[in-house]
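Report on the following structure.
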């Protein structure tokens, strides 16, 4: 197993209480596999990714759990070893390219800095590698763009540059946090195609963070569904798309735009919104929005349990026949 996350808990300690952003989630990723974490904004997806890399800053704190990568618990490593793994074996594409691109340095300078830190290449090889990386990201005439600053790039080009930074050392695991957010439809498709190509070309694993099941369906092998910091469902992509059992997952699927819904007057949505993590409802955190809720849902928090076909689900209404 390449990555194994076990009982991970991350909280933010605020003046008005403890905000449980990631509340006891577990999943694993095999080599060359793509796992997607999906859910609405505010469900804890990005915090889960940042926790894996031990990048949570105050007032946040990882409370407990294990994050085993190639057998080593990343939460127990010192900063030097962590920095080596982050840049060399695990690449990260942040949700907003501006988060990973320094506006005062050229794209080439940022690529070269990463290559100097994590490779043994000489100066000439590093310069050539930086140009090749941009070419691999479909930059036309990459030797011209290597000296460009981030503000000179379009949104799609910034995202490609951010992916190039993450791919500098051909990592074994790429974490992509909402890689198509704020891009137009055409550019989104190009970025998805690029990620699929890179995954196959470099035979790497991927952790994809997304609120869009359409994006997930393009890339994922397996899917974890999060809601209000908790893990609600974990199954293969095929199971999620065809026989998802959790009412929240079913709601996400119904809210997807399909060809047969384009001519409808409205698109189905899940009523309400994600609850305040400082003031969660009693019982299942989804029950105020769930049309199938029963009395038990309003009183007791469901435990996630293993069902058929190596699927996990946390719902009082789902039986072991899943």
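Test residue 223 against the stated conditions and say whether it is under 13 Å from residue 38 (Cβ atoms) and not assigned by TED's automatic domain parsing to the domain that holds residue 109.
Considered against the rule, which asks whether it is under 13 Å from residue 38 (Cβ atoms) and not assigned by TED's automatic domain parsing to the domain that holds residue 109, residue 223 comes out as yes.
Going through (1) in contact with a strand residue (DSSP E or B) (Cβ under 7 Å, 6 or more places away or on another chain); (2) more than 28 Å from residue 31 (Cα to Cα); (3) assigned to a loop (DSSP other than H, G, I, E, B) one by one, residue 245 falls short only on (2).
If you filter the range 295-322 down to residues that are surrounded by 14 or more Cβ atoms within 10 Å (Cβ to Cβ) and in contact with a helix residue (DSSP H, G or I) (Cβ under 8 Å, 6 or more places away or on another chain), you find that the one that is nearest to residue 236 (Cα to Cα) is 311. For the range 155-173, a residue qualifies if it is farther than 18 Å from residue 91 by Cβ and either in contact with a helix residue (DSSP H, G or I) (Cβ under 7 Å, 6 or more places away or on another chain) or touching a residue at least 24 places away in the same chain (Cβ under 8 Å) (or both), and the qualifying residues are 155, 156.
A single member of 139, 94, 69, 105 is under 30 Å from residue 7 (Cα atoms) and not assigned by TED's automatic domain parsing to the domain that holds residue 13, and it is 94.
Considering each of 36, 72 in turn, give the residue that is more than 25 Å from residue 150 (Cβ to Cβ) and surrounded by fewer than 15 Cβ atoms within 10 Å (Cβ to Cβ).
72
So for the range 251-269 (the condition being within 22 Å of residue 10 (Cβ to Cβ) and either at pLDDT below 95 or in a helix (DSSP H, G or I) (or both)), does at least one residue qualify? Scanning the range 251-269, I find no residue that is within 22 Å of residue 10 (Cβ to Cβ) and either at pLDDT below 95 or in a helix (DSSP H, G or I) (or both), so the answer is no.
Scanning the range 276-294 for residues that are crowded, with 18+ Cβ neighbours inside 10 Å and either in contact with a strand residue (DSSP E or B) (Cβ under 7 Å, 6 or more places away or on another chain) or assigned by TED's automatic domain parsing to the domain that holds residue 249 (or both) yields 277, 285, 286.
For the range 294-320, name all the residues that are part of a loop (DSSP other than H, G, I, E, B), farther than 14 Å from residue 227 by Cα and free of Cβ contacts under 8 Å to residues at least 24 places away in the same chain. Once the filter is applied, which keeps residues that are part of a loop (DSSP other than H, G, I, E, B), farther than 14 Å from residue 227 by Cα and free of Cβ contacts under 8 Å to residues at least 24 places away in the same chain, the range 294-320 yields 294, 299, 300, 319, 320.
One residue alone among 58, 75 is assigned to a helix (DSSP H, G or I), without any contact (Cβ under 8 Å) to a residue 40 or more places away in the chain and in the same structural domain as residue 206 (by TED's automatic domain parsing), and that residue is 75.
For the range 1-33, the tally of residues that are over 20 Å from residue 68 (Cβ atoms) and either out of contact with any helix residue (DSSP H, G or I) (no Cβ under 6 Å at 6 or more places or on another chain) or exposed (fewer than 15 other Cβ atoms within 10 Å of the Cβ) (or both) stands at 10. For residue 175, the stated conditions do not hold, so it cannot be described as modelled with pLDDT of 95 or more, under 25 Å from residue 69 (Cβ atoms), in contact with a strand residue (DSSP E or B) (Cβ under 8 Å, 6 or more places away or on another chain) and assigned to a helix (DSSP H, G or I). Considering 115, 82, 111, 133, the condition of being assigned to a helix (DSSP H, G or I), in contact (Cβ under 8 Å) with a residue 24 or more places away in the chain, surrounded by 17 or more Cβ atoms within 10 Å (Cβ to Cβ) and in the same structural domain as residue 187 (by TED's automatic domain parsing) is satisfied by 82 alone. Could you tell me whether residue 225 is surrounded by 22 or more Cβ atoms within 10 Å (Cβ to Cβ) and part of a strand (DSSP E or B)? Answer is yes for this residue.
The values are calculated or read from the model by the stated rules, or taken from the named source; none is laboratory data. Because the structure is a prediction, the values reported are computed rather than measured. Methodologically, a virtual Cβ is constructed for each residue, glycine included, from the backbone with ideal geometry; neighbour enumeration extends over all protein chains shown.
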